[in-house]
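Written out below as structure tokens is the structure these notes cover.
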Amino acid sequence: MKDEIQSQMHQALKAGDKVRLGALRLLTAAIKNREIEVRHDLDDDEVREIAGKEVKKRTESIEAFDAAGRTELADKERQERDVVAVYAPTQLPEDAVDVLVDEAIAATGATSPKEMGKVMGFVMGKAKGQVDGGVVQRKVLARLGGS
């Protein structure tokens, strides 16, 4: 997958696509930083995980820029997110997340919001980057009677 990213970077460079090139460079930097951190070459699953984190960062930036009325910056972040999202894990649909949350509550025996950590750990372990933690947290709280 890293070779594919490098290839796409070269194509973007040749085509003069600055937004695509910038997004791929940032993704490559994040991958290299993680490799230095863990002291081994990342496999495709680990690269997908990094890409998922980069997509999440951009989504948060888009929300902040939109809230501040900075539409030009939000649009740029959207374009970059679309480039990086190709390499991120596909997100689970809402109904699949609901099933995972119900399964986690049954498996852990959780009955109150105080036990949310056990349920979250179960769901996030099973989903492996295919679901946003904020979405899971809201669903778990709704089921366990939290606010």
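The values are calculated or read from the model by the stated rules, or taken from the named source; none is laboratory data. The structure presented is a predicted model; accordingly, all values stated were derived computationally and were not measured. Cβ atoms come from the backbone with ideal geometry, glycine included; neighbour counts cover every protein chain shown. Quick note on the areas: whole protein, heavy atoms, side chains included, nothing else; ligands and nucleic acids left out. Shrake-Rupley method; radii C 1.70, N 1.55, O 1.52, S 1.80 Å.
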Fill in: Every pair of residues 6+ apart whose Cβ atoms lie under 9 Å, when the first sits in segment 82-94 and is open to solvent by 20 Å² or more (accessible area, probe 1.4 Å) while the second is polar (S, T, N, Q) and part of a helix (DSSP H, G or I)
Val86/Gln8
Worksheet item: How many residues are part of a loop (DSSP other than H, G, I, E, B), farther than 23 Å from Lys57 by Cβ and open to solvent by less than 40 Å² (accessible area, probe 1.4 Å) when one looks only at segment 105-147?
Response: 3
Practice prompt. Scan segment 128-147 and report the pairs whose first residue is touching a residue at least 40 places away in the same chain (Cβ under 8 Å) and whose second residue is not in a helix (DSSP H, G or I), with Cβ atoms within less than 7 Å and a gap of 6+ or a chain change.
Written response: Gly129/Pro89; Gln130/Pro89; Gln130/Thr90; Gln130/Gln91; Gln130/Leu92; Val131/Gln91; Val131/Leu92
Worksheet item: Could you say whether any residue in segment 56-79 is crowded, with 18+ Cβ neighbours inside 10 Å, aromatic (Phe, Trp, Tyr), in a loop (DSSP other than H, G, I, E, B) and in contact (Cβ under 8 Å) with a residue 12 or more places away in the chain?
Response: no
Item to complete: Taking Glu49 as the residue in question, decide whether it is open to solvent by 70 Å² or more (accessible area, probe 1.4 Å) and in contact (Cβ under 8 Å) with a residue 60 or more places away in the chain.
Response: yes
